[in-house]
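K.L.:
Handing you a structure now.
The values are calculated or read from the model by the stated rules, or taken from the named source; none is laboratory data. Being a predicted model, the structure only gives us computed values, none of them experimental. As a convention, Cβ positions derive from the backbone with ideal geometry for all residues, glycine included, and neighbour counts pool all protein chains shown. Quick note on the areas: whole protein, heavy atoms, side chains included, nothing else; ligands and nucleic acids left out. Shrake-Rupley method; radii C 1.70, N 1.55, O 1.52, S 1.80 Å.
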Amino acid sequence: MTTKDEDAIADIKYIETHDNLLFFTNKGKVYQTKAYEISESSRTSKGTAIVKLLNIESDEKVESFINYRKGNEAKYVFLTTKTALLRKALFPNLKNIRRSGILSIKLDKDDELVWSKLHGGR
């Protein structure tokens, strides 16, 4: 994979064409897209800018993403902020998201969302 000098690879995940992707931004919003909506490229290409895939605001940046398949039995999404606030959100509430995204966690003025993870627990 070819990257620009200022880019770094933070996470690599195996996803399938019909997976749904949830992108969580530092502002606490979540956006959804299908994996097949991301164009395929060669191993030497520099990829596609996230702003071409999602309708994010100029001061937002994607902090984490999760993928899920139809029939996924996860019950919760755990969200963590910069100030160590942890929230357990019901996963079914995040399955049908409009293109403009929805607020996944309410943040204080100086806080940011930094991490998300699916969980099937109790």
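K.L.:
With the crude spin-label approximation of a point 7 Å out along Cα→Cβ, what separation in nm comes out for ASN93 versus LYS46?
P.N.:
Rounded to a tenth, the inter-label distance reads 4.0 nm.
K.L.:
Continuing with this model, one more query. Work out from phi, with θ = phi - 60° and the Karplus expression 6.51 cos²θ - 1.76 cosθ + 1.60, the ³J(HN,Hα) of each residue of segment 71-82, listed in order in whole Hz, and give x for Gly and Pro.
P.N.:
Residue by residue, segment 71-82 yields x, 4, 9, 4, 9, 9, 10, 8, 10, 10, 10, 4 Hz.
K.L.:
How far apart, in nm, are the 7 Å Cα→Cβ label points at TYR36 and ASP11?
P.N.:
Rounded to a tenth, the inter-label distance reads 2.4 nm.
K.L.:
Using modelled backbone amide H atoms (1.01 Å from N, in-plane), which distant-in-sequence or interchain residues come within less than 5 Å of LYS29's amide H?
P.N.:
For LYS29, the qualifying residues are SER104.
K.L.:
Taking only C-alpha pairs under 8 Å that are 6+ residues apart, what is the relative contact order of segment 7-80 in percent?
P.N.:
39
K.L.:
Going through the cross-link list LYS46/LYS82; LYS70/LYS117; LYS13/LYS82; LYS46/LYS70; LYS29/LYS117; LYS75/LYS109, which pairs have a Cα-Cα distance over 19 Å in this structure?
P.N.:
As for pairs spanning more than 19 Å Cα to Cα, those are LYS46/LYS82; LYS13/LYS82; LYS46/LYS70; LYS75/LYS109.
K.L.:
Right, next: Quantify, in whole percent, the carbon and sulfur part of the accessible surface of segment 1-98 (1.4 Å probe; protein heavy atoms only).
P.N.:
48
K.L.:
Using the Cα centre of the chain as the reference point, and only Cβ charges (+1 on K/R, -1 on D/E), how large is the resulting charge dipole? Debye, rounded to the nearest 20.
P.N.:
In debye, rounded to 20, the chain gives about 580.
K.L.:
Using the heavy atoms of the protein chains alone and a 1.4 angstrom probe, what is the accessible area of the chain per residue in square angstrom?
P.N.:
Here the residues of the chain average 70 Å² of exposed surface.
K.L.:
With unit charges on the beta carbon (Lys/Arg positive, Asp/Glu negative), name the residue among LEU53, ALA74, TYR14 whose Cα is farthest towards the positive pole of the charge dipole of the chain.
P.N.:
ALA74
K.L.:
Here is a follow-up. Between segment 6-67 and segment 82-122, what is the C-alpha centre distance in whole Å?
P.N.:
16
K.L.:
At 0.36 nm per residue, and after removing the present C-alpha to C-alpha distance, how many nm does the segment from LYS75 to HIS18 gain when stretched out fully?
P.N.:
Residue separation times 0.36 nm, minus the Cα-Cα distance, leaves 18.5 nm.
K.L.:
Mind checking the full-extension length gain between LEU53 and LYS117? Use 0.36 nm per residue of separation minus the Cα-Cα distance, one decimal, nm.
P.N.:
Computed gain between LEU53 and LYS117 is 20.9 nm.
K.L.:
Which ³J(HN,Hα) values in Hz, rounded to whole numbers, follow from the phi angles of segment 37-52 under the Karplus curve 6.51 cos²θ - 1.76 cosθ + 1.60, where θ = phi - 60° and Gly and Pro get x?
P.N.:
Result, rounded to whole Hz: 7, 8, 5, 6, 9, 7, 5, 9, 6, 9, x, 10, 5, 4, 5, 7.
K.L.:
Let me check against my output: what whole-number percent is the relative contact order of segment 38-105, with C-alpha pairs under 8 Å and at least 6 apart?
P.N.:
Contact order relative to length: 25 percent.
K.L.:
For segment 20-122, take every pair of Cα atoms, bin their distances at 5 Å starting from 0, and report each bin as a whole percent.
P.N.:
2, 12, 23, 23, 19, 12, 6, 2, 0
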